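No lab work stands behind these numbers, since they all come straight from the coordinates. Here the structure is a predicted model, which is why all the values come from computation and not from measurement. Here Cβ is always computed from backbone atoms with ideal geometry, including for glycine, and neighbour counts include all displayed protein chains.
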Amino acid sequence: MSKIVVTGGSGFIGSHVVDALAAVGHELTVLDHRAKPERSDVGFEDVDLLDLSSVLAATRGADYVFHLAAESNVNRAHRYPLRTLSLNVMGTGHVLEAARVNGVRRVFLASTVWVYNRAPAGRIADETTSLPLDGAGHVYTSSKMAAEMVCHNYRELYGVPFTILRYGIPYGPRMREELLIPVFIRRALCGDPLSVSGDGSQYRSFLYVTDLAAAHVHALRAGAENQVYNLEGPRPVSVIEVAERIRTLLGDSVQIVMTPGRAGDFSGRQLSNAKASRELGWQPEVDFDEGLIETIAWFRKKWGL
């Protein structure tokens, strides 16, 4: 089995990726800043990605690096653009430089379907779809597009292999409480109305987190080297549908109110998982309703509500 470093491995997605990789026997080290891993049977290094010397030391001897650490809260990214650019772009540069110096066999970058925000309308987008630079619409999106570009640069100029995984919108146990679904769940359980931005038609193909984590194991195969993959949920789900499903599951007394739209929000695009299915043998298995029931149960237990 391989020695694998997971940056951001104490976070929501990262902790599930660690679980999936550990389940197949890999030796794991989590790199995170201040936050410790969910598991006690993996290594841990408290590393600031903006400190290159620390990243170099922590990745020495690694076969693979899964780079998930980033500013992924789009509201904080909007509020603190320079910090977001530093962490998401320079942090990625430091991981790639460490991989170059230490001879890491491949770097896996966690990217996002937000890169398709201004992709041409009218067809289902795939990994060959053109991504106009002037249409990113959000500093978070731009930072992820830039991180992808730097991965290509390090492969072309320095021979550092990569795999880019463009995440759909994940949900499930351990997700951050400020994200849409847990915010809606808490408000519903507390008797507060659910606020939906705009007309609620913006949609996401929500992806249950264990499905997303499983894709990382599949991506280790040799054929995934220097490839980009979309990892989307099984079907599009609008924000208003999320609110309505939570009301259905928690009671008709839950109120839904409409509020003004959010600047730079990702309106949604229908994306194809065909490449991941064909080349990785991966596809999502958990339907949104099933995953939402599990997520509600997990948060109810956590909050005691």
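With the charge dipole of the chain set up from +1 on Lys and Arg Cβ and -1 on Asp and Glu Cβ about the Cα centre, the Cα lying farthest toward the positive end among the listed residues Val286, Asn102, Asn73 is that of Asn73.
Taking the DSSP beta bridges with both ends in segment 105-231, the antiparallel portion is around 0 percent.
Ranking Leu82, Ala214, Gly191 by how far each Cα lies toward the positive end of the dipole of the chain (charges on Cβ) leaves Leu82 at the top. If R0 is taken as 51 Å, the Cβ-Cβ distance between Leu157 and Trp298 corresponds to a FRET efficiency of 0.70.
A convex hull fitted around the alpha carbon atoms of the chain yields 129 Å³ per residue.
Measuring between alpha carbons in the structure, the pairs from Lys144/Lys301; Lys275/Lys301; Lys3/Lys144; Lys275/Lys302; Lys36/Lys275 lying more than 32 angstrom apart are Lys144/Lys301; Lys275/Lys301; Lys275/Lys302; Lys36/Lys275.
The Cβ shell under 13 Å around Ser130 holds other residues with a net charge of 0, Lys and Arg each +1, Asp and Glu each -1. Taking a virtual spin label 7 Å from the Cα of Arg176 along the C-beta vector, which residues in segment 64-85 bring their backbone nitrogen under 16 Å of it? Answer for this model: 68-85. Taking a ≥ b ≥ c as the square roots of the eigenvalues of the Cα gyration tensor, segment 128-197 is classed as prolate, since a/c reaches at least 1.5 and a/b is larger than b/c. Highest mobility in the GNM of the chain, judged by mean-square fluctuation with C-alpha springs under 10 Å and restricted to Arg106, Arg176, Arg221, is found for Arg221. Suppose R0 equals 22 Å. What FRET efficiency, 1/(1 + (r/R0)^6) with r the Cβ-Cβ distance, do Glu241 and Asp192 give to the nearest 0.05? Once the sixth-power term is evaluated, E becomes 0.70. Here the chain carries DSSP beta bridges of which approximately 5% are antiparallel, counting only pairs with both residues inside. Per residue of the chain, the DSSP helices (runs of n ≥ 4 H) give a summed -39500 (n - 2.57) that works out to -11500 deg cm²/dmol at 222 nm. Estimated at 0.36 nm per residue, the fully extended path between Val101 and Leu305 surpasses their Cα-Cα distance by 68.4 nm. As a length-normalised measure over Cα pairs under 8 Å and 6 or more apart, the relative contact order of segment 1-74 settles at 39 percent. The Cα atoms of segment 94-175 cover 43, 35, 22 Å along the three principal axes, with the biggest extent listed first.
Note on the chain: with charges restricted to the Cβ of Lys and Arg (+1) and Asp and Glu (-1), its dipole about the Cα centre is near 260 debye. Stokes-Einstein diffusion for segment 3-88, with the hydrodynamic radius set to the Kirkwood value over Cα pairs and evaluated at 10 °C in a medium of 1.306 mPa s, equals 120 µm²/s.
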